[in-house]
Amino acid sequence: MASAAAGGAAKPTVLVAEKLGGAGLEMLEKVANVDCAYGMTPEQLYAKIAQSDALIVRSATKVTRQVFEAAKGKLKVVGRAGVGVDNVDLAAATEYGCLVVNAPTANTVAAAEHGIALMCTLSRNVSQADASMKAGKWERTKYVGVSLVDKTLCIMGFGKVGGEVARRARGLGMQVLAYDPYASEEKARAQGVRLASFDEALELGDFFSLHMPLTPGTKKMFNDAAFAKMKKGARITNVARGGVIDDDALARALDAGIVAAAALDVFEEEPPQFEGHPLIGRYTG
C-alpha cells in the first residue's frame, strides 16, 4: 500500500525558462513535469510561476521579488544553471522560504577556454582581419597584432575560472598576476601566479581577463579612474559580468588609446540596446 501511494504521488512541476541540454531535460522528465518556456515576458513568467514548484534559469531571466510574490509560496527552489546568482533576488527568496542553488563548476572550463580564445583574437586582430577579408581587402600587415609571450596577464578574480585561465596563459608563455582579495597565497603559488593589489595589477597589466562576480563592490569597478592607471595599449576580455565595466568609461579609454582593444562576452543589460550603445559597432574596418 505504501509503495502504491508513493507511486501515485503527483510529480512536481519544473519550469525551465532558458535552454538546457537535452540530457539535462531527460533527467528532469524522469522525476518531474517539465515545462519549457523560453523568452517569456515578466508577465508570462508571473503567470507560469504560480503553477511551478521549481524554476531553472541561466543569466537572462531575472528572478525578482515580483516573481516570488507571484508564486505565492508554491515555488520551493530556483536553480541557476551557471556560476553566479546575481540575477536572483536572494533577500526575497529567503523571505519566501525558497532555496536558491547554482552550478559553480558547470561551465568552468568552457568559460576559461572562451576567455583565452578572446584574448588570442584580440592579440592578433582576428575579427578585424576577417572583416577586412570579407570586404574584399588584402591588408596582411595592418593586422599583425602583438605576441602573448612574455606579456603580463592580470586575472581579475582568481576563482575557479580565473585559475583555469592562469593555467592556460602560463602555457602560452605569459607572466600571470591575479587580483582577488579572497584568494590565498598558497593557491596562487601552486599555479605559478603572483597576487597583486588592484592598483598594481592596473599598472602592470598588458592584458586583463575579468572573472569577478557582480557585487556592489565590483559594479563598474573598471571606470575612468581605473583605466587612467593602465599602461597605454592594454587589452581587456570580459567573460564574467557586464556590470563590472563602465561602458562609457571604456569607450573613452578606447578613444584615448589607453585600451587598444576589448572583447566582451557579457553586457550590463542583456540583450543590450544596440542603438546608441557606446561600444557595439565601434569597429568600422
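Just so it is clear, none of the values below were taken in a lab; they were calculated from the coordinates. Computed from a prediction, not measured in an experiment: that's the story for all the values here. FYI the Cβ positions are ideal-geometry reconstructions off the backbone, even for glycines, and counts take in every protein chain you see.
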Residue 147 versus residue 134: modelled label distance in nm, points set 7 Å from Cα along the beta carbon direction: 3.1 nm
Taking 0.36 nm per intervening residue step and subtracting the Cα-Cα distance, what contour gain separates residue 256 from residue 270 on full extension? 2.4 nm
Which chymotrypsin sites (Phe, Trp or Tyr not before Pro) from the range 122-171 combine a DSSP loop assignment with at most 13 other Cβ atoms within 10 Å? 138
Could you calculate the contour length gain from residue 40 to residue 189, that is, 0.36 nm times the residue separation minus the distance between their Cα atoms, to one decimal place in nm? 49.0 nm
Through the Karplus equation 6.51 cos²θ - 1.76 cosθ + 1.60, θ set to phi - 60°, convert the phi angles of the range 230-242 into ³J(HN,Hα) values in whole Hz; use x for Gly and Pro. 7, 6, 4, x, 5, 10, 10, 10, 9, 10, 9, 9, x
If you plug each phi of the range 252-262 into the Karplus form 6.51 cos²θ - 1.76 cosθ + 1.60 with θ = phi - 60°, what whole-Hz ³J(HN,Hα) values come out, in order, with x for Gly and Pro? 5, 5, 5, 4, 7, x, 5, 9, 6, 6, 9
Cα gyration tensor of the chain, axes a ≥ b ≥ c as square roots of the eigenvalues: rounded (a/c below 1.5), prolate (a/b > b/c) or oblate? prolate
Whole-Hz Karplus ³J(HN,Hα) for the range 160-172, in order, using 6.51 cos²θ - 1.76 cosθ + 1.60 and θ = phi - 60°, x for Gly and Pro? 5, 5, x, x, 5, 5, 4, 4, 6, 5, 5, x, 8
Dipole size in debye (nearest 20) for the chain around its Cα centre, Lys and Arg Cβ +1, Asp and Glu Cβ -1? 620 debye
If each DSSP helix of 4+ residues adds -39,500 (n - 2.57) and the sum is divided by the residues in the chain, what number results at 222 nm, nearest 500 deg cm²/dmol? -10000 deg cm²/dmol
In this structure, among 30/160; 11/48; 134/229; 48/220; 160/219, pairs with alpha-carbon gaps over 26 Å are 30/160; 134/229; 48/220
List the aspartates and glutamates whose Cα lies under 13 Å from the Cα of residue 142, skipping any in the same chain that are fewer than 8 positions away. 130
Between residue 74 and residue 50, what is the label-to-label distance in nm when each label sits 7 Å out along the Cα-to-Cβ direction? 0.8 nm
Partner aspartates and glutamates whose C-alpha sits under 14 Å from that of residue 74, ignoring same-chain residues fewer than 8 away, are 53, 95
GluC sites (Glu not before Pro) within the range 223-283: which are DSSP loop residues with at most 13 other Cβ atoms inside 10 Å? 269, 275
Can you tell me the equivalent ellipsoid semi-axes for the range 48-95? Use √(5λ) from the Cα gyration tensor, largest first, whole Å. 16, 12, 9
For the range 166-285, state what percent of all Cα-Cα pairs lands in each successive 5 Å bin, counting from 0 Å until the bin that includes the largest distance. 2, 10, 20, 24, 20, 13, 7, 3, 1, 0
I'd like the distance between the alpha-carbon centres of the range 31-49 and the range 146-180, rounded to an integer number of Å. 40 Å
